[in-house]
1. Quick one: is A170 modelled with pLDDT of 90 or more and not assigned by TED's automatic domain parsing to the domain that holds K86?
2. Kindly establish whether R70 is in a helix (DSSP H, G or I), charged (D, E, K, R) and within 17 Å of S4 (Cα to Cα).
3. Report yes if D128 is closer than 20 Å to A45 by Cα and either at pLDDT below 85 or exposed (fewer than 11 other Cβ atoms within 10 Å of the Cβ) (or both), otherwise no.
4. So which residues in segment 1-29 are modelled with pLDDT under 85 and of a type outside the set (K, R)?
Amino acid sequence: MKQSTPELVQQASRGSSDAMDAILTRYLPEIRAFIRLRTSAKIRARESCSDLVQSVCAEVLQDIDAFEYRSEGQFRKWLYLTALRKILDREKHYGRQRRNVDREVPLRDEEMAASLSTPSHAAMRNEDREDLEKAFDQLPDDYRIVISLSSYLDLNYPEIGEIMERSPDACRVLHNRALAKLGILLQGT
């Protein structure tokens, strides 16, 4: 019988390695997809998405005993905010370094999305993902962040404002501009 997320979180917070494994198995594909889409080219040139996913999972498991489960949506939000904070931390870290990204060889993420029924479907899905990643790479950091917080985590503008240290109105305007820019970039691909 498949255990519910609240049961798994409760058991994991008490140190159950089986519950921790079950949580990771259940949410790993979502965390991986979230990180892959929101990680900039600057970070991907230095770290693989797999390394970031592993780091986020370690942080989640380390902090799970302090987490109070209220709902599935709130749990997912906690997971994705943990991942987003890791990405923002890496952006700041590499932004402080004086390295020439143009001279670095980008790493490829060795994990591919789950295969579809035919190779042509998998190729089309990879092309769509790559187009979206390329478009996201062209967005300024603030645009990527506001789209992630609003569209993926479903945060409202006051919540986004707290994270981005801006007013809710400024976040609303930024979100609208970011979506418009993303749409233009996707039309060009």
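The values are calculated or read from the model by the stated rules, or taken from the named source; none is laboratory data. Here the structure is a predicted model, which means the values were calculated and not measured. As a convention, Cβ positions derive from the backbone with ideal geometry for all residues, glycine included, and neighbour counts pool all protein chains shown.
1. Yes, satisfied.
2. no
3. Answer is no for this residue.
4. M1
Results for (1) farther than 29 Å from D131 by Cβ; (2) buried (at least 17 other Cβ atoms within 10 Å of the Cβ); (3) without any contact (Cβ under 8 Å) to a residue 40 or more places away in the chain, shown as yes or no for each residue.
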position: E7; (1), (2), (3): yes, no, yes
position: Q11; (1), (2), (3): yes, yes, yes
position: S16; (1), (2), (3): yes, no, yes
position: M20; (1), (2), (3): yes, yes, no
position: R32; (1), (2), (3): no, yes, no
position: A41; (1), (2), (3): no, no, no
position: R44; (1), (2), (3): no, yes, no
